[in-house]
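*Asks:* Encoded as structure tokens, here's the structure I'll be asking about.
Since every read-out is calculated from the coordinates, none of them should be taken as a lab result. Everything numeric here is computed off the predicted structure, so don't read it as measured data. Neighbour counts run over all protein chains shown; Cβ positions are idealised from the backbone, glycine included.
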Amino acid sequence: MNEQSNTMGHSQPAGAGRLLQRLHPADSDGEAIFQAACVECHSPGDDMPANMYFSLKQENTNPTYIAYKSHGGGITMPKFPNIKGRKLDRLVEYVLDHSLRK
């Protein structure tokens with residue numbers, strides 16, 4: 001997998017930012033954004049049902065937390081500051097719809 005470092009030193013798939021920049025609000029549903037930015041690191045594991053990508057603690061299954069993590073990144077997750085507004089809302093909805101609750 002080709003990777004590039006973001007400003008915080010975390011790596012993200014090469015081309016992910018360029019692909020997201022080409023997505024327009026009219027054609028960027030949550031799944032398209034997820035496929036462009038997230039699926040290389042977040043794909044269903046063998047222990048997950050089909051189309052489920054995350055197993056989240058109950059306290060993290062809310063739009064505020066998902067938006068915060070998606071936009072701000074984390075220790076091993078790159079930031080995606082270019083995902084914002086309606087695109088971020090669509091991604092958050094997609095992630096919550098495709099997550100198991102612990």
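*Asks:* Calculate the FRET efficiency for ASP47 and ASP97 from the Cβ-Cβ distance with a Förster distance of 22 Å, rounded to the nearest 0.05.
*Replies:* 0.70
*Asks:* Count the lysine pairs in the stretch 44-102 whose Cα atoms sit under 17 Å apart, keeping only pairs 8 or more residues apart in sequence or on different chains.
*Replies:* Pairs that pass both the separation and distance tests number 6.
*Asks:* For a paramagnetic label modelled at 7 Å from the Cα of ARG86 toward its Cβ, which residues of the stretch 28-69 fall within the zone defined by backbone nitrogen distances under 14 Å?
*Replies:* 28-30, by backbone N distance to the label point.
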